Amino acid sequence: MDFRLDEEQLGLQDTVRRLCWAPPGDRPDEAAVADVLRAHGARPWQVELTASVLADAIAGARVPEPDPVPDAPE
């Protein structure tokens, strides 16, 4: 089944933002993401529609390299 919803219709903007900034582990699976969503008050239908997609997105995200620390002035 294919769902087409705007992000605002899901009502999870703050939860998704928090999940992306502090995911449950380096490569969270669908169950771990679902637990986070439920802990933040997501309804069962929201978890069902988003947990797998979010887990895949987090697992595939590229973590940027930190900026090099400049040498201290002499």
Task: Two-site FRET efficiency, residue 14 against residue 71, from Cβ-Cβ distance with R₀ of 30 Å, rounded to 0.05 - done: 0.15
TODO: Would you calculate the volume per residue, in Å³, of the smallest convex hull containing every Cα atom of segment 10-60?
DONE: 64
Open item on the list: Within a 10 angstrom radius of the beta carbon, how do 17, 4 rank from fewest other beta carbons to most?
Closed with: 4, 17
Task: Sites residue 4 and residue 26, calculated FRET efficiency, Cβ-Cβ separation with R0 30 Å, nearest 0.05 - done: 0.45
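Here, each number is a calculation from the coordinates, and none is a lab measurement. These figures come from a predicted structure and were not determined experimentally. Cβ atoms come from the backbone with ideal geometry, glycine included; neighbour counts cover every protein chain shown.
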